[in-house]
1. Just need log10 I(q)/I(0) for segment 114-222 at q = 0.12, 0.21 Å⁻¹, Debye formula, equal scatterers on the alpha-carbon atoms, no solvent, rounded to two decimals.
2. Evaluate the charge dipole of the chain about its Cα centre and quote only its size in Debye, nearest 20, assuming +1 on the Cβ of each Lys and Arg and -1 on the Cβ of each Asp and Glu.
3. Quick one: check the C-alpha center-to-center distance for segment 153-167 versus segment 102-147, whole angstrom.
4. Per residue, how much accessible surface does segment 43-106 expose to a 1.4 Å probe? Answer in Å², no decimals.
5. Quickly rank 186-199, 46-59, 127-140 as a protection proxy: mean count of other C-beta atoms within 10 Å, highest first.
6. Which parts of segment 183-213 would a label at K155 reach, counting a residue when its backbone N lies under 19 Å from a point 7 Å out along Cα-to-Cβ?
7. Given the rule -39500 (n - 2.57) for each run of at least 4 DSSP H residues, summed and divided by the residues of the chain, what is its mean residue ellipticity at 222 nm, to the nearest 500 deg cm²/dmol?
8. Of the lysine pairs in segment 55-111, how many meet both conditions: Cα atoms under 15 Å apart, and a spacing of 8 or more in sequence or different chains?
Amino acid sequence: MYRVQKILSMIGVLSRRECEKLLFQKKIKINGSIAAIGAKVKIGDKISVNKKNYIVGPEIFKSKIKIVAYYKAVGELVTMKDDRHRKTVFAHLPDVNGKWINIGRLDMNTSGLLLFTNNGDIANALMHPSSKIKRVYEVSIKGNITKEKIVLSKKGIDIGKGEVGKFLNIVQINNKLPNTYKVTLVTGKNREIRRVFDSLDCKVVKLKRIKYALVELSNLKVNKYRNLNREEIKSIIKYLKK
């Protein structure tokens with residue numbers, strides 16, 4: 001017998017924390033009955049979550065943790081399906097036992113590194129603010145960046161909707177590209193980089209993520225993915241336990 005939250009995490013449906021919330025809200029069923037806190041399942045049981053059914057099969061326990069790095073193109077959406085039939089990142093990913101969970105998002109006009117995993121707990125940990133995961137971007141802008149503006153961006157600046165945007169670091173990439181910077185942040189609020197630059201009277205014209213946690217975009221080609229190897233995955237798990 002296995003706790004239902006462990007099984008749902010293993011097949012990439014929810015993290016254990018998310019599952020516990022739904023259990024409290026009585027939104028998970030096991031074999032047609034509302035699951036109680038601490039509920040366990042066995043092979044052959046049916047788990048229902050958000051009107052979707054999952055059968056506990058023996059293959060679940062043979063599945064390995066997988067993480068892939070993908071180079072998202074401008075114009076692609078980070079969604080499974082789009083009613084307007086626009087391009088989505090999931091169309092380029094390999095098959096997986098369970099489902100791919102995107103670790104964070106990039107808006108349509110942002111390119112670069114996206115990570116996906118089939119493990120709900122790892123996905124949740126890599127996205128949760130408490131993990132303070134560093135994200136690094138290359139940003140091209142219109143407008144002038146002064147030392148004062150750099151200081152302000154590091155201290156934190158009002159970006160509207162009651163939120164404060166804050167860069168961990170911002171450096172000019174090279175003198176040949178005077179309006180191109182490398183920006184590091186850990187908070188990952190919605191469109192945070194664009195909103196910070198807007199508040200500094202600058203406009204982002206190109207934005208690309210080049211690193212997330214320990215994984216770098218490196219030489220990956222647009223619309224291509226690579227599977228992280230076993231050592232890389234072990235390093236990420238160790239990194240999350242710090």
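1. -0.43, -1.19
2. So the magnitude is around 260 debye.
3. So the separation of the two Cα centres works out to 17 Å.
4. I get 61 Å² per residue for segment 43-106.
5. 186-199, 127-140, 46-59
6. It comes to 196-202, nothing else.
7. -6000 deg cm²/dmol
8. 5
The values are calculated or read from the model by the stated rules, or taken from the named source; none is laboratory data. Being a predicted model, the structure only gives us computed values, none of them experimental. Using ideal geometry, Cβ is built from the backbone for each residue, glycine included, and neighbour counts are taken over all protein chains shown. Heads up: the accessible areas ignore ligands, DNA and RNA and are worked out on the full protein's heavy atoms, side chains in. Shrake-Rupley method; radii C 1.70, N 1.55, O 1.52, S 1.80 Å.
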